[in-house]
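Colleague: Got a structure here, written out as C-alpha cells. Questions coming.
The values are calculated or read from the model by the stated rules, or taken from the named source; none is laboratory data. The structure presented is a predicted model; accordingly, all values stated were derived computationally and were not measured. Ideal geometry is used to build each Cβ from the backbone, glycine not excepted, and the neighbour counts take in all protein chains shown.
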Amino acid sequence: MNKIVSGTAHSIIHFTNRSLIKNLLVISFCVLFFFVQVFFPYQYYVSAQIDNSDFQVGIHYVFEQDEENQIFNEVERIHKLGFKVIRITMECDPNPLDYNNIQNRRNDIFFSAVNSYGLDVALVIKNLESTSKVDYYLSRWGNYLRYIQIFNEPELSSTWSLGAMFTDDEVTSKFNIMYGIIESHDLDVEYYTNFGIGYILRSNIPIELAPKLNFVGLDVFMDAFLVTSPHFIQNLQKITNRDVIISEFGMSTTDQQVRSEFIIKGLDLFKNMGLPGCWLVYWNSAYDSYGIRNTETETKVGEWIAANTNKII
C-alpha cells in the first residue's frame with residue numbers, strides 16, 4: 001500500500017514538475033515576445049508573417065518630366081507591375097486663354113490613362129498653392145481623383161520668407177482655407193496630410209488636423225528612420241486616431257542593390273504591421289536618384305507585389 005502511495009506521489013510530483021517547467025517556458029516566451037514587440041518592434045515586424053494581402057503599393061509618377069507621347073505607356077507599365085495608386089503633384093496652367101497649354105495636355109493624357117487602367121490617383125497640393133489654381137484644377141480633373149493630400153509635412157512648412165516657418169495658427173488657418181475650397185467641389189475622395197518624422201516635435205499639428213482627415217501619411221527615407229519607424233507609426237496612429245499610410249518611401253542612391261534592399265525591407269515591415277499601404281518615391285525623377293524606373297529596383301518591387309498582394313491586371 002505504501003509503495004502504491006509512494007509511486008502515486010512520485011508520479012504527481014513528476015507530472016507537476018513537467019507542467020511547471022512547461023508553464024515557465026510558455027510564460028518566458030510570452031514575456032520575451034512582449035519585450036521584443038514593445039522595445040524592438042522593427043525586429044519583430046520585419047520577420048513576422050502576417051496576412052495582409054490587401055496591402056496597397058503605390059508610386060509617385062512625375063509625369064510632367066516626361067514627353068506627352070510617353071505618359072500613357074508609362075501608366076500602363078506601372079499598372080502591369082501591380083501598383084494600385086499613382087501619386088502626383090498638382091501642376092496646371094489655369095490661364096483661361098491657354099486651355100490647352102502643354103501641362104494641361106499632359107494632365108488630360110495622364111487622367112485618360114489612369115481611367116483606362118482603373119488606377120487610383122492621390123493628388124498632392126503644395127503648401128503655398130493658390131486657391132484659384134486649386135479651384136481650376138479640381139473643376140477640370142477632380143472627378144478622376146481618389147485621394148487628396150492637403151499640405152506636405154506642415155510641421156516643417158515654410159512661408160515665402162526665407163527660413164521662416166508657419167506658426168501653428170498659420171498651419172491650421174491655411175489648412176482650413178484649402179480644405180474649404182476642396183470641400184466645395186463635393187468630390188468622392190479621401191483627405192490626408194503627410195508628416196515627416198519631425199512631427200514628434202510639433203505633435204499638436206497632426207492632432208488638430210486629424211478630425212478633417214480620413215487617414216494620415218508618414219514619410220520615411222533614411223535607413224535609421226526605417227528601423228525606428230514602428231514607434232513613430234504607432235504614436236501617430238494613437239494621437240490622431242487615424243490609419244497611417246507610408247505616403248513617401250524611398251532612398252536616393254545610385255547603388256541599385258542598396259536601394260532595392262531598403263525598399264523591400266520597408267515593404268515587408270509596413271505590410272506586417274498591418275498598414276493599409278505604402279507609396280514609393282519616385283517612378284522617375286530627373287533631379288535625384290530616387291526614381292526606380294529602368295532599374296533593378298523596378299524589377300524587385302514588381303516581384304514583391306506579385307508575391308505579397310492581391311495583384312489584379
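Colleague: From the list VAL258, VAL244, VAL220, which residue is of a type in the set (Val, Ile, Thr), closer than 19 Å to SER285 by Cα and surrounded by 16 or more Cβ atoms within 10 Å (Cβ to Cβ)?
Modeller: VAL220
Colleague: Quick check on ILE263: is it within 21 Å of PRO154 (Cβ to Cβ) and either touching a strand residue (DSSP E or B) at 6+ places or on another chain (Cβ under 8 Å) or assigned to a loop (DSSP other than H, G, I, E, B) (or both)?
Modeller: Judged against the criteria, ILE263 is not a match.
Colleague: While we're looking at this one, here's another question. In the stretch 213-234, what residues are at pLDDT 95 or above and among the hydroxyl-bearing types (Ser, Thr, Tyr)?
Modeller: Once the filter is applied, which keeps residues that are at pLDDT 95 or above and among the hydroxyl-bearing types (Ser, Thr, Tyr), the stretch 213-234 yields nothing.
Colleague: Among the residues of the stretch 241-254, write down those that are touching a Ser or Thr at 6+ places or on another chain (Cβ under 9 Å) and not small (Gly, Ala, Ser).
Modeller: Result: ILE246, MET251, THR253, THR254.
Colleague: How many of the residues in the stretch 202-236 are assigned to a helix (DSSP H, G or I), of a type in the set (A, V, I, L, M, F, W, C), in contact with a strand residue (DSSP E or B) (Cβ under 9 Å, 6 or more places away or on another chain) and closer than 22 Å to GLU170 by Cα?
Modeller: Qualifying residue count, the stretch 202-236: 4.
Colleague: Please report, ordered by residue number, the helices (runs of 4 or more DSSP H) entirely within the stretch 39-153 with at least 2 residues that are modelled with pLDDT under 95, surrounded by 21 or more Cβ atoms within 10 Å (Cβ to Cβ) and among the hydroxyl-bearing types (Ser, Thr, Tyr).
Modeller: Counting at least 2 such residues, we get no helices (runs of 4 or more DSSP H) at all.
Colleague: Is it fair to say GLY302 is at pLDDT 95 or above, assigned by TED's automatic domain parsing to the domain that holds ILE148, farther than 29 Å from TYR191 by Cβ and surrounded by 16 or more Cβ atoms within 10 Å (Cβ to Cβ)?
Modeller: Here the answer is yes, as GLY302 does meet what is asked.
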